[in-house]
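Colleague: First the structure, which I've put down as structure tokens, then a few questions once you've had a look.
The values are calculated or read from the model by the stated rules, or taken from the named source; none is laboratory data. The structure displayed is predicted, hence computed values, not measured ones. Glycine gets a Cβ as well: all are built from the backbone with ideal geometry, and neighbour counts include every protein chain shown. Calculation scope for accessible area: heavy atoms of the full protein, side chains included, ligands and nucleic acids excluded. Shrake-Rupley method; radii C 1.70, N 1.55, O 1.52, S 1.80 Å.
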Amino acid sequence: MHARWFPAAGPARGLAVAQLVNSCGDGAYYVCSALYFSQVVGLPAPRIGLGLTVAWGVGAIAGVPLGQLADRVGPRRTAVVLAAATALGVAAFLVVRSFPAFLLVACAYATAQCGLAAARQSLLAGLVDRDARTGVLAHLQSALNAGLALGAAVGGVALHLGTAGAYLTALALDAAAFAGCALLLARLPEPPRSPATAPRRGADPTALRPTVLRDRPYALVALLNMVMLLRMPLISLAVPLWIAERTAAPGWAVSALLVLNTGAVMLFQVRTASVVRDLPSAVRTVRSGGVLLLASCAAFALTALTAPLWVLFAVLLLAAGLQVWGEMRQSAGAWQISFDLAPAGRQGQYQGLFGAGVPVARMLGPLLLTALIVSWGVPGWLLLGALFLAAGLAMGPAVRWAERSRPTAPGPGRRAPGPVPTSSAPAPAGVTPSERPSTGR
């Protein structure tokens, strides 16, 4: 498992270890936070939902300027500060006891998380050879899922105890994990500065504005990726509600599907990403991910039919398997696309825009998916699948448009201009869908 979760020794391994540490804390947080906010803080569910929706909206907006900050002052320094800020944000949750305080802390937490994701991607781009980035991201995704599983086990103990002290301990673990992540990131080297971001005397003040906001082709690519990221709340929210309200399957089926999803990403993310080496292969992988997600939605829709329990469970397993296969392929291709289309020296702000799809999916996904699937039923599943397919098919023309707008961009197999990578690790076979490793699951 060590070889699957961690790249060869070097900066890439340091990034993977930092990812594993903070995802352990996140696993405990995800399992316990909702009950903590409701039972300990005393907030009603609608206010929790409103606060988190506003917070992730703020985080999505903050990702680009924080990514640009990473380009200008250095991605390692920025990532360390934002990891420490995330730790402080989680620690602040331990003392909030009112909605205004909860909203303020949640906005700070989401802002730091989104900025950290962009800074980490920029740091990876500066420390890892261009041809190895997707592979390293796949290893990070495997480490992410391993950490989430370990943290979820700790959170499960807290849920079993059901006391305020247990919930506080679980959140304290998340704060400590992000503090540890900051220390691990501080041990990594700072990538060389790119001439594109070096401050120049007498420069036009408008040059300080993020250029990604004027890059319409890249914005379209990011928008299509955002549509495909609506698959994020499927297994964690929409499918459990669908099983409970629209099928005859037992409640324990939800746990089985969650285990299948997490285990598949841990075991097969790197292998799935091995086919992605350049933009054409990335586009094909994203397109096939859209097809698989459509097939998954159709299979989930079939579970509304009356059938023996074993048939129903088999179809659920098939649907979940197609879903996680499509997820891994979509992620792998998207990583390659996001890096290869970003100009040298501007990875932070470009990754900030591309990564905005994660908080937007967290913010709008629950509302949209519950309306489509739980309220509308089978037609909603088919419409959602059609959206995934359309976004996957449209990615090819959008990427080609973005390539045409970059006449000096390196083609497949040529090194991008910019800092010389410092990682000596060989490119792992198949490496791409772990985005964000951050945090986006």
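Colleague: At a 1.4 Å probe, what is the % contribution of carbon and sulfur to the accessible area of the chain?
Modeller: Working: 12090 of 17390 Å².
After summing per-atom areas, the C and S share lands at 70 percent.
Colleague: Show THR285, THR169 ordered by accessible area, largest first, where the area counts protein heavy atoms only and the probe is 1.4 Å. The partial results should precede the final answer.
Modeller: Numbers: THR285 5, THR169 90 Å².
Largest accessible area first, the list is THR169, THR285.
Colleague: Please check: in the Gaussian network model of the chain (C-alpha springs, under 10 Å), which one of ALA394, ALA320, ALA361 has the largest mean-square fluctuation.
Modeller: Its mean-square fluctuation being the largest, the pick is ALA394.
Colleague: Please get the size of the charge dipole for the chain, origin at its Cα centre, with Cβ charges of +1 on Lys and Arg and -1 on Asp and Glu, quoted in debye to the nearest 20. Don't skip to the answer; put the middle values down first.
Modeller: Working: 33 positive and 14 negative charges, 209 e Å.
It comes to approximately 1000 debye.
Colleague: Run lengths n ≥ 4 of DSSP H only: what is the helix-derived mean residue ellipticity at 222 nm for the chain, with -39500 (n - 2.57) per run over all residues, to the nearest 500?
Modeller: -24000 deg cm²/dmol, from helical runs alone.
Colleague: Ignoring ligands, DNA and RNA, what accessible area per residue does the chain give at 1.4 Å, in Å²?
Modeller: Each residue of the chain exposes 39 Å² on average to a 1.4 Å probe.
Colleague: When only DSSP loop residues count, what chymotrypsin sites (Phe, Trp or Tyr not before Pro) in the stretch 1-97 have their Cβ near at most 16 other Cβ atoms within 10 Å?
Modeller: Qualifying residues, ordered by number: none.
Colleague: I need the chymotrypsin sites (Phe, Trp or Tyr not before Pro) found in the stretch 96-182, filtered to DSSP loop residues with at most 14 other beta carbons within 10 Å of theirs.
Modeller: When the chymotrypsin sites (Phe, Trp or Tyr not before Pro) of the stretch 96-182 are filtered for loop state and at most 14 Cβ neighbours within 10 Å, nothing remains.
Colleague: Does the stretch 349-393 classify as rounded, prolate or oblate by the C-alpha gyration tensor (a ≥ b ≥ c root eigenvalues; a/c under 1.5 gives rounded; else a/b over b/c gives prolate, otherwise oblate)?
Modeller: Oblate, since a/c reaches 1.5 and b/c is not below a/b.
Colleague: Which of the following values of Cα extents along the principal axes in Å was calculated from the structure shown: (1) 64, 54, 35; (2) 67, 47, 41; (3) 58, 53, 43?
Modeller: Calculated Cα extents along the principal axes in Å: the matching label is (2).
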